[in-house]
1. Would you give the gap between the C-alpha center of region 111-152 and the C-alpha center of region 5-59, rounded to a whole Å?
2. With +1 on each Lys and Arg Cβ and -1 on each Asp and Glu Cβ, and nothing else charged, work out how big the dipole of the chain is about its Cα centre, in Debye to the nearest 20.
3. Using only the heavy atoms of the protein chains and a 1.4 Å probe, how would Leu8, Leu109 rank by accessible area, largest first?
4. Calculate, for Arg136 and Glu72, the FRET efficiency according to 1/(1 + (r/R0)^6) with r their C-beta to C-beta distance and R0 41 Å; round to the nearest 0.05.
5. Ordering Phe49, Phe104 by accessible area with a probe of 1.4 Å, largest first, what comes out?
6. Say each of Ala128 and Asp45 gets a label point 7 Å from the Cα, pointing the same way as Cα to Cβ; how far apart are those two points in nm?
7. Say the dipole of the chain comes from +1 at the beta carbon of Lys and Arg and -1 at that of Asp and Glu; which of Val64, Gln117, Ile39 then lies farthest toward its positive end?
8. Starting from the Cα-Cα distance between Ala108 and Met1, subtract it from 0.36 nm times their residue separation and give me the gain in nm to one decimal.
Amino acid sequence: MPTAEGNLSWEPAVEHPELVAPPVADALPHVPGVRVAAIDAALADTAAFCAAYDVDPASSANCVVVEGRRAEVTTRAAVMVLASDRADVNRVVRKHLGVRKISFADQALAEELTGMQQGGITPIGLPADWPILVDRAVVDAGPVVIGAGIRGAKLLVDGATLADLPGAEVLDLTL
């Protein structure tokens, strides 16, 4: 039966900075209890990861970077939802950020701005001025698997811990 830990060997993340992107490593001391596991980078995408490592999709949370505009002002934010859910970006996220137009951020730009690899972007270690919008279901989920900033590893963290990240806001984000 799939679980949050699956069949991976989890270790304290602060003891393995080589398994995370540099901005994530810098932020780990401020996020208690985070564990890390190495994975096959080719299996980083959610469906393949959950199947290969026996992780419940309801215990996996995805982080996407969105970019909204109002006039000449651009706002970037991270949106966290469970892999089993879908974020309402066009209504809820757009309205909350107070932007007129919203879209998913360009992959290359997101990688450049975060210092993380697409498919591994995580809310831990994001730029300090970015809002982190966390769906209430993520907070209530207990342990969740999230990106590690690289495709070759995953983090395991209590969903409620994500609500305590700088810039985090808990909302009902799903359709």
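The values are calculated or read from the model by the stated rules, or taken from the named source; none is laboratory data. Just so it is clear, the structure is predicted and the values come from calculations on it, not from any experiment. As a convention, Cβ positions derive from the backbone with ideal geometry for all residues, glycine included, and neighbour counts pool all protein chains shown. Please note that ligands, DNA and RNA were not included when accessible areas were found on the heavy atoms of the full protein model with its side chains. Shrake-Rupley method; radii C 1.70, N 1.55, O 1.52, S 1.80 Å.
1. 11
2. Details: 13 positive and 23 negative charges, 157 e Å.
Value, rounded to 20: 760 debye.
3. Values: Leu8 25, Leu109 50 Å².
From most exposed to least exposed: Leu109, Leu8.
4. On the way: r = 33 Å, r/R0 = 0.80.
For R0 = 41 Å, the calculated efficiency reads 0.80.
5. Sorted descending by solvent-accessible area, the residues read Phe104, Phe49.
6. Here the answer is 3.7 nm between the modelled labels.
7. Val64
8. Working: separation 107, 0.36 × 107 = 38.52 nm, distance 3.68 nm.
Stretched fully, the Ala108-Met1 segment lengthens by 34.8 nm.
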